[in-house]
Structures are given as C-alpha cells and as structure tokens.
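Notes follow the structure.
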Amino acid sequence: MQGSANLNLMIKAARKAGRSLVKDFREVENLQVSAKGPGDFVSKADREAERIIKEELMGGRPSYGWLGEETGETAGEDPTRRWIVDPLDGTTNFLHGLPHWSVSIALEHKGQIVSAVIFDPAKDELYWAEKGAGAWMNDKRLRVSGRRNMIEAIFATGVPFGGRGTLPATLQDLARLMPVCAGVRRWGSAALDLAYVAAGRYDGYWERGINAWDIAAGMLLVREAGGFVSGIREDDDPLEKGAVICGNEGLFEPFRKIIRGE
Ligand code: IPD
C-alpha cells in the first residue's frame, strides 16, 4: 500500500483504535445479559478509541486542528488542516453486538478532504483514499457500480438517533424511492454506507441530519471511486449542512431528483 505519510499515520491510528474496539466488542456480548446493560461500557469504549486516535494523530501532527465526535473541536496552529474523526460510527450496532461499525478518519486541507480512512475491524476491511490517487479496500482498487436502471439499484440511508427532526422528510423520501428501485437498506453506519457506495455494493446513499465526522472520509472514497457526492440541495456543503447524497455516474441525477421530490 503506497500512501502519503499522513495516510500511513491515519491507518496506524485506525488500526490501533480498531484493536481496542474489537476487545471491547467481545465484552459487549457478555454485558448484554448483565442487569446494568452495556450502555456506559460502550461510551467508555468510544471515548478510549478517540483518545487513542487523538494521541497518534496529534502526536504526529501537533499543529493540525481537530474535530472529533467525543472531544469536539480544537483550532490548530495551522488553520488550513484539520483531522475529522468518528472513533466509532455505528455505536448502536456495537451496543447490540451487531458486527457492523467502523472507525472513520478524514484529513481536511483548505476546506477539502484530501485523505480518508474507514476501518471495519470486524470484517478486516480497511478503506482508504487520497485525493487524485483513487479509492481502495485493503489492496483492491474501488470503483462505484455500473448500474444504470433504478429498478435494479439498491440504496442506503440512515435516520439520526431519535429522528432529530428529519424523520418525516426521510419517510417521504422512502415513499417516493422504494416503489422505483430494488431496495433500501438502513444498516446503521454512515461511514460504511459511503464506503459501500465506493465499493459498488450500494448504488447510492443519502441521509438528512448527519454530522461531518460520520461522512467526511466516506465522501472522498465515493469521489475517488468515480461517484458523485453533494448536498441534497444543489449548492449545500454536506459537511456544513448535515445532509448528503451520493451515487454512481449513471444514477446520481435521477436518484437526487427523486430525493428532492422533483
Ligand atoms: C450514526 C450512524 C448512523 C446514522 C446516524 C449517525 P454514530 O453515527 O452513522 O448510520 O444514521 O445519523 O449518528 O452515532 O454511531 O457515530
């Protein structure tokens, strides 16, 4: 795997956090049956994973800024670069012993994501991309799907915890989309939803009410795999507006029209 020094640092951090999460994930299954339940334990696992990632990344690049799900935002001496990190995307799956969750790390430079790593330790799938250098899963080059017919296509979506006000709009999206496609999945890790679009497993993904740390790395993966990503409204930046849509070349436009209700 040939990547920049920054990418190698990100991969090292993701693998280290992944090892810690896998250990905790085994424990979660035992905790399911205890009276207290695994809730507190999982948030500790989440915080520990972010601590590990922050130590690696900020230790290696102390001047960069930071945005992490657990520890929030810190400006760096270098205002042009910032790490965007979700140490455990798919927390609810993790809590329920479902092996579908990931570590997501992105590097932003002058407002653009330039390097991305998403690690799915349960399946040993490491997704990575660098701007202009393509998208990869382990050592396999990724390419979005080539499907052209909506009726053969599968899409993914998510609903934020508690709906966060976006549920009615998402239900309307589903009512328009489901009759004209092959299916819609809601697997519970936005980072993996995007990685699966990059890998050609899903033909597209959209979500309303999403955070920057859930989607920053995946957006670069999709673009580097030949797909398209935007806000749901034309000029919106998904990282700022919290709504994202993506798909392969052939289906992105018709899919986006359906989601916009056009
Ligand atoms: C959640 C997952 C889920 C998405 C939610 C996110 P978390 O992230 O990505 O798929 O639908 O909007 O909040 O909380 O597990 O890091």
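The values are calculated or read from the model by the stated rules, or taken from the named source; none is laboratory data. Keep in mind the model is a prediction, meaning the values are calculated, not measured. Don't worry about glycine lacking a Cβ; one is built from the backbone with ideal geometry, like all the others, and counts go over all protein chains shown.
So that you can scan it fast, the table gives a plain yes or no per residue for (1) in contact with a strand residue (DSSP E or B) (Cβ under 8 Å, 6 or more places away or on another chain); (2) over 15 Å from residue 211 (Cα atoms); (3) modelled with pLDDT under 95:
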position: 20; (1), (2), (3): no, yes, no
position: 53; (1), (2), (3): yes, yes, no
position: 70; (1), (2), (3): yes, no, yes
position: 97; (1), (2), (3): no, yes, yes
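A quick yes/no check of all residues on (1) part of a loop (DSSP other than H, G, I, E, B); (2) out of contact with any Pro (no Cβ under 6 Å at 6 or more places or on another chain); (3) assigned by TED's automatic domain parsing to the domain that holds residue 117:
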| position | (1), (2), (3) |
| --- | --- |
| 129 | no, yes, yes |
| 156 | no, yes, no |
| 161 | yes, yes, no |
| 168 | no, yes, no |
| 176 | no, yes, no |
| 184 | no, yes, no |
| 187 | yes, yes, no |
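Just one of the listed residues (224, 240, 234) is crowded, with 20+ Cβ neighbours inside 10 Å and of a type in the set (D, E, K, R), and it is 224. Could you identify the single residue in 87, 99 that is surrounded by fewer than 23 Cβ atoms within 10 Å (Cβ to Cβ), outside the structural domain of residue 230 (by TED's automatic domain parsing) and within 16 Å of the ligand (Cβ to nearest atom)? One residue alone meets the criteria, 99.
The set of residues in the stretch 203-231 that are under 15 Å from residue 154 (Cβ atoms) and either at pLDDT below 95 or over 14 Å from the mean Cα position of the chain (by Cα) (or both) comprises 203, 227.
Of all residues in the stretch 102-127, those satisfying the criterion of being over 21 Å from residue 141 (Cβ atoms), more than 15 Å from the ligand (Cβ to nearest atom) and part of a strand (DSSP E or B) are 108, 109, 112. Restricting attention to the stretch 131-170, the residues that are touching a Gly at 6+ places or on another chain (Cβ under 6 Å) and either crowded, with 22+ Cβ neighbours inside 10 Å or modelled with pLDDT under 95 (or both) total 6.
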